[in-house]
Amino acid sequence: MANINGNAVIGQSGGPTCVINESLVGAILESAKHEAIGHMYGARHGLEGLLTNDLIDLTQETPETLERVARTPSAALGSVRKKASEEDCKKLINVFKENDIRYFFYIGGNDTAETANIVDELARGEDYEFRVCHIPKTIDNDLRETDHCPGYGSAARFVALALMGDNLDNTALKGVKIDVIMGRHAGFLTGAAALARQNETDGPHLIYLPEVAFDENRFADDVAGCLDRLGRCVIAVSEGITREDGSPVYTSGEKDSHGNVQLSGTGALGDYLSGIVKEKVPAASRVRADTLGYMQRCFPSIRSEVDASEARAAGAFAVRSMVEGELSSGTVCIRRTETDGHYDSEMFITELNKVAKHTKEMPAEFISESGNDVTQAFLDYARPLADDLPVIGRLGTGS
């Protein structure tokens, strides 16, 4: 496919992460290496900025500024949750023509991939050649086709450290502690809580995922059994847990423009689960619940360097693929590899419609037969993405 010459624009969409700016900077720096790209513009607040022509020239930023931004969590351009309509796409083409934009890069999750795909499909009828690439980002790790997503490793690290801290607290002052963790349809992030364990008695002792139907009585029995065995219980639960009929255990009923239902942002799910324990588990004391909420996404100085490196590589690969590749649109994916027996990865491009709107769930081999834990296979999958974790000191071990 022949190169096309013109400017590029990049935007960020959906929930921010610790490493989304690495992808942004990776794309900016890579664009400077290609004569086909004149200026790289940034759209403030993603699609909203594109529709209002609210663009900044990123080629004017110094290397020092870009590197500082790359190490800063959250979305430096600002984010958005907006689904493109047919009318939006017509406006978008006018903005592209006005600014001679021939390359569109959009960083985000499956809803962002859906927007990129809509833009790609609706705009193909216009007599204007351009290329569209989705750059993956999501802490939920729920994009199809890719082994994992930039953003997941750092959020998994945060969750593991948070649960490690909660387990230490719970060891000192025994009780029941419930932590509600993000994850609408996929339990990858909640499962990462298991990385906190360094001892067979360490929490989380129970893990509940959206992929397994939630039953209140079984939950109460699980907690009672854990208290019987250890005298305490630390629980990690996904905000997206559902009942046997598929209905969410808790939702506010609110929806965003992509139709996503708001789940546990208010802390109501944690309160609800605490109520079950207090009512049905007589041995329970000091029952508390926390909703980790948005803290999982952008907590400073907590990122995984593996995650950061892959995020930057994804941004750079997107630019190279659109300038030099055989596709006029696509999404970046990660393939897990090994180098000398150690974790490694490589990038590839696949079609947008394979990722747009769809979600991926935890595979069965990652979920324990009991339905309230993860397997060793999952730990082997997640551990290299979260990087090394602190080693806990213990008294009375003889070492």
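Summary of computed values
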item	result
Relative contact order of the range 275-391, pairs being alpha-carbon contacts under 8 Å that are 6 or more residues apart, as %	19 percent
Rounded tilt (10° steps) of 305-324 against the dominant C-alpha axis of the chain	30 degrees
At 1.306 mPa s and 10 °C, Stokes diffusion of the range 109-200 via Kirkwood alpha-carbon radius, µm² per second	101 µm²/s
Residues of type lysines that Lys174 reaches as a straight line, Cα spacing below 23 Å, ignoring anything fewer than 8 places off in the same chain	Lys278, Lys280
Net charge dipole size for the range 273-399 [Lys, Arg +1 and Asp, Glu -1 on Cβ; Debye, nearest 20]	760 debye
Top of Pro248, Pro136, Pro204 by mean-square fluctuation, Gaussian network on the chain, Cα under 10 Å	Pro248
Three-way shape label, the range 1-66, alpha-carbon gyration tensor, a/c 1.5	oblate
Trypsin sites (Lys or Arg not before Pro) restricted to the range 294-399 and DSSP loop, no more than 13 other C-beta within 10 Å	Arg394
C-alpha long axis of helix 152-172 to longest principal axis of the chain, angle in °	20 degrees
Potential extension, Leu173-Asn199 segment - 0.36 nm per residue separation minus Cα distance	7.6 nm
Cβ-isolated cysteines (cut-off 4.7 Å), the chain	Cys18, Cys89, Cys133, Cys149, Cys298, Cys333
Percent antiparallel among DSSP beta bridges (both partners in the range 1-120, rounded to 5)	25 percent
Sites Asp340 and Glu279, calculated FRET efficiency, Cβ-Cβ separation with R0 41 Å, nearest 0.05	0.15
Whole-number percent relative contact order across the chain, with pairs defined as alpha carbons under 8 Å at least 6 apart	22 percent
Magnitude of the charge dipole, the chain, Cβ model with Lys/Arg +1 and Asp/Glu -1, debye to 20	900 debye
Two-site label geometry, Asp127 and Ala213: point separation in nm, points 7 Å out along Cα→Cβ	5.8 nm
Long-range lysine pairs (8 or more apart or interchain), the range 1-102, Cα under 25 Å	6
Antiparallel %, DSSP beta bridges [both residues in the range 178-329], to 5	15 percent
Geometric extent, Cα atoms of the range 283-378 - Rg, Dmax (angstrom)	18.8, 64
Nearest 10 degrees, 0 to 90: helix 20-31 Cα axis against the chain principal axis	20 degrees
Rg [Å, one decimal], Dmax [Å, integer] - the chain, C-alpha atoms	22.3, 75
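Each value in this text was obtained by applying a stated rule to the coordinates, not by laboratory testing. Bear in mind that the values here come from a model prediction, so they are computed numbers and not experimental data. Here the Cβ is made from the backbone with ideal geometry for all residues, glycine too, and neighbour counts use every protein chain on show.
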